[in-house]
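Remarks on the structure that follows.
The values are calculated or read from the model by the stated rules, or taken from the named source; none is laboratory data. Every value quoted in this text rests on a predicted model; they were computed, and no experiment measured them. Positions of Cβ are generated from backbone atoms using ideal geometry, with glycine treated the same way; all protein chains shown enter the neighbour counts.
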Amino acid sequence: MIPMPATPSSSSGVAASSSLAAKLLDMLSSPGEVFDEVVAAPPRFANWLVPTVLVALASLFLLRASSNEGVSVVTTSQAVEAQPATLDSVTVQAEPGSVDSQSLSALATCGGAFAGTFWSAFLLWFIGRAFLRTRFSYLKTVEVVALTGSIVALGAIVTALLIGISGDPATRPALSFFARHLPSTNRVRLLLGTFNFFHLWIITVLAIGLSRLSGVSFKESAFWVFGYWFVARLALILLG
Amino acid sequence: MNRALLYLWFALLKRRFLDFVRSLRRPTTLIAFIYVLGLLGVPFWFRHHEIFRHLVERDILITGALLMLVGSLIKGFWQRGLVFEPPDIEFVFTSPFTQRQVVCYRLLPNYLYALVQGLVLAALFAPHLSHPLLMAAGLTLFQITCFHVSTAASLYAGTLPEDRHHRLRCMMLGAAFLLTALYFRAAWEVRFVPAFAISPVVQLLFYPAVTLPEAASSPALHQWALRLTPTSSLWLRQLLQPVLYLSAIALAAGVSLWSLFRLKANLFEPSLATSSHAAERRQRLRQGRDLATAGKTEAHSAGLPTLSLFGGVGAIVWKNLLAARRSHRQLLLAFILTALYAGSLVALLQHIHTELHAASLDKLASPEVVMGRLAFHLGLAFWVAILAPFLQRIFPFDFRRDGRHLLDFRTLPASPLCLVLAEVAVPVGCVLLCQAAGLVPLFLYARFDWPIVLILIFAYPAVALALNSVWNLHYLLSATRRAAGHAQSPSVVGTLIVVVLSFLVFVPALWTTRFLARCLSERAGVALTSDGLQGLANSDAWLKFLHTGIPLTGAGALGVQYLVDFLLLLALARLFQRAEISRESQ
């Protein structure tokens, strides 16, 4: 008896393996096909490393653009976070525009890209395992999440350009763009900020990825992915 | 609704009610029932209180109704199909009833529950309602609606494939939780989420749908990073040290697991033998038999006793003594406990008396010191008495072991009182023997007056007898139930009752002590207060109370305690006599 492959059967008509650059470009137009190919192929180290590095570089570019426009400008949610209790609790404070602070931000950005990739992959894998009752490889999930990095990178570049045009480091490609006159702690502005075009795109692509990995319908995977990455964020703002 | 099903439901309900009433004869069920009644009775007693008025406010009622509805929906959807009794599946399902009739039959108990609940709640909130009956009817009908929703959800869930049902169940639970939280936030201003949850650092949890530099530039992250810099090396050291320890322990755990997995030993054969042994021990424990002899079945035979004391019912005493002699584990345990107890007691006495010898004679003769010495030595006597409950558990030579022979004992030509006395004699004797090890040095050091010595000598058997009698009531009841094929092991509630009872049996004696001490102290001209031992204004009166009052008080308390012991033994004998242990009689 011939053993069956462990991968899902959704990739019956998969073409020959495309290059990583092609995959990253195809993610913008036809992510489902890219995921089909990734799911069918054996795990590849470059599939998650290169997109994650790309995200880190694009985020560094955005960080530079933000710090150039306004060193001491506090973004919307940072304003919420910077409570008086936390500000006076530490004896030594870093100046936001200082070299140390910039290095730290750059380090955190790069670290966040890698840690975030593995965390999101874990979440998708857990949703599949616990709620959808399907089993798939964690490494494949890491690849799927990392490949969405091309959209993340594009979003970072667009955001940097928007910041350059508007001169406001808090500008985002979100509905909050139309409510810039509101204070940054305003709940409505925070809510509108959640409707970020690129974030919604990424979430949709993640839902497609989960659907391909688990073999469940897009509706079901979208419920969980949107439920966590979108509704839970909205709920945090509304309930907080 | 079919009349036959209605009759069936009514007949079953009647039988269940009668069964429940009969089950109230069991003390544990009765206590649980009284507890529930008490839980209902307390709010009913305070039903006019202001808090009950708040509970029937519009907002609370709406919240409660929403929670009930959502809860019913989730609870119903949680199970696929309805739950029936096994006989219902066998008889009702195969009978010519329509699906609607069967569903109605299944809902009938729920309707009754809704009615009772509506009436109870209406009675509870009646003082704050303008139309209590209307409220009761409304509550009942709303509860019935919830039952309908729940049943419909269950039936719908039954039509779904199992995997799909599981996924939908999780979705429904998540959505219900979110909606409930939003409702509480909107209606009651309840914040389930702390303020830091919308900080950029927390937003990292939603990667990749985040703007990374926003989180990376967060002040909180920078502050946290600053604390790790060498400028605050103390904090860093404090963090690093535990991390280092934790890492070392984690490494040790990992290495040991790796070594364990690499161990090439046969797992199955030794495990089989050990498991069998453990199962046998568990079985013996359930049957109330001794664990120590689980592996031993052989013992040297002993010669017949020559003393006439061991004739008749005394043979049981002899048998238990023999069992005690052969139970090396119990004897060793008791010896260790006694040695530790008596050793610490002697050390304490030696230390205190060395210090007393150093004091001057005038000081030793003062009433404060005399009373202090007496109180200290009486405290040590109490300390020795506390040994009894522990030792009682160690010596199982009573109905714990002989519970299996109840049927044989019933055929013996001995009165039940003599038999139960014989049963408790050996553990009581063993406990007293161990206590003597602590008591003898105490008497030697304390040099009590002879009336107090006599009282103490008689007090220890009273205590040991009371404890053994109470616990043997429990053992006898358990043995009876076991012999009748009921419970295999005693219930937690039952054990708890026995523990409480083993304290309560001393309450009459303690109350007598308190009463006599107050009377006699007043007569002697001494005021007994909490700091009475310190404030000795009238030393002659105190000394008079010491030499006459305390012995008389002790004697009175002892008399009451022996009376209680006698009553306990009578109860034990009565229970032994009346116990129905044959299976046919149940």
Handout entry: Subset tally (residues that are buried (at least 21 other Cβ atoms within 10 Å of the Cβ), under 21 Å from A:Leu62 (Cα atoms) and among the aromatic types (Phe, Trp, Tyr)) for segment A:109-143
Key = 0
Handout entry: Residue check, B:Ile452 modelled with pLDDT under 90, surrounded by 20 or more Cβ atoms within 10 Å (Cβ to Cβ) and β-branched (Val, Ile, Thr)
Key = yes
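Identify the residue in segment B:117-137 that is small (Gly, Ala, Ser) and surrounded by 15 or more Cβ atoms within 10 Å (Cβ to Cβ) and, among all such residues, is farthest from B:Phe52 (Cα to Cα). Steps first, please.
So in segment B:117-137, the residues small (Gly, Ala, Ser) come out as B:118, B:122-123, B:126, B:130, B:136-137.
From what is left, the residues that are surrounded by 15 or more Cβ atoms within 10 Å (Cβ to Cβ) are B:118, B:122, B:126, B:136-137.
Numbers: B:Gly118: 16, B:Ala122: 11, B:Ala126: 10, B:Ala136: 16, B:Ala137: 19 Å.
Among them, the one singled out is B:Ala137.
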Practice task
Go through (1) without any contact (Cβ under 8 Å) to a residue 12 or more places away in the chain; (2) under 30 Å from A:Leu132 (Cα atoms) one by one and return the number of the condition A:Leu182 breaks.
Solution key: (2)
Practice task
Output the qualifying pairs, or none if there are none: Cβ atoms under 6 angstrom, residues six or more apart or on different chains, first residue in segment A:131-145 and within 13 Å of chain B (Cβ to nearest Cβ) and within 14 Å of A:Val50 (Cβ to Cβ), second residue of a type outside the set (A, V, I, L, M, F, W, C) and surrounded by fewer than 24 Cβ atoms within 10 Å (Cβ to Cβ).
Solution key: none
Practice task
Return yes when B:Leu417 is more than 25 Å from B:Gln330 (Cβ to Cβ), in contact (Cβ under 8 Å) with a residue 40 or more places away in the chain and buried (at least 17 other Cβ atoms within 10 Å of the Cβ) and no when it is not.
Solution key: yes
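At pLDDT below 85 and either under 20 Å from the mean Cα position of the chain (by Cα) or farther than 18 Å from B:Thr28 by Cβ (or both) - does that describe any residue in segment B:416-434? Can you show your working first?
Looking only at segment B:416-434, we keep the residues that are at pLDDT below 85, and these are none.
Checked segment B:416-434: no residue is at pLDDT below 85 and either under 20 Å from the mean Cα position of the chain (by Cα) or farther than 18 Å from B:Thr28 by Cβ (or both).
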Practice task
Would you please list the contacts, defined by Cβ atoms under 7 Å and residues six or more apart or on different chains, that run from a residue in segment B:26-47 that is β-branched (Val, Ile, Thr) to a residue that is surrounded by 12 or more Cβ atoms within 10 Å (Cβ to Cβ)?
Solution key: B:Thr28/B:Ser491; B:Thr28/B:Val493; B:Thr28/B:Gly494; B:Thr29/B:Ser23; B:Ile31/B:Val493
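Any residue at all in segment B:348-362 that's within 31 Å of the chain's Cα centre (by Cα), under 25 Å from B:Gly438 (Cα atoms) and among the polar types (S, T, N, Q)? Steps first, please.
Filtering segment B:348-362 for residues within 31 Å of the chain's Cα centre (by Cα) gives none.
No, every residue in segment B:348-362 fails to be within 31 Å of the chain's Cα centre (by Cα), under 25 Å from B:Gly438 (Cα atoms) and among the polar types (S, T, N, Q).
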Exercise for the section: Could you tell me whether segment B:297-316 includes any residue that is assigned to a helix (DSSP H, G or I) and among the charged types (D, E, K, R)? Expected result: no
Practice task
Taking the options A:Gly164, A:Gly155, A:Gly215, A:Gly227, name whichever one is more than 10 Å from every other protein chain (Cβ to nearest Cβ) and closer than 28 Å to A:Glu33 by Cβ.
Solution key: A:Gly215
Practice task
Tell me which residues, restricted to segment A:33-75, are in contact with an Asp or Glu (Cβ under 9 Å, 6 or more places away or on another chain), at pLDDT below 85 and of a type outside the set (Val, Ile, Thr).
Solution key: A:Ser66, A:Glu69, A:Gly70, A:Ser72
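Filter segment B:9-64 for residues that are charged (D, E, K, R), in a helix (DSSP H, G or I) and either within 30 Å of B:Arg481 (Cα to Cα) or in contact with a strand residue (DSSP E or B) (Cβ under 8 Å, 6 or more places away or on another chain) (or both) and give the result.
B:Lys14, B:Arg15, B:Arg16, B:Asp19, B:Arg22, listed by residue number.
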Handout entry: All positions within segment B:159-195 that are in contact with a Gly (Cβ under 7 Å, 6 or more places away or on another chain) and hydrophobic (A, V, I, L, M, F, W, C)
Key = B:Val193, B:Ala195
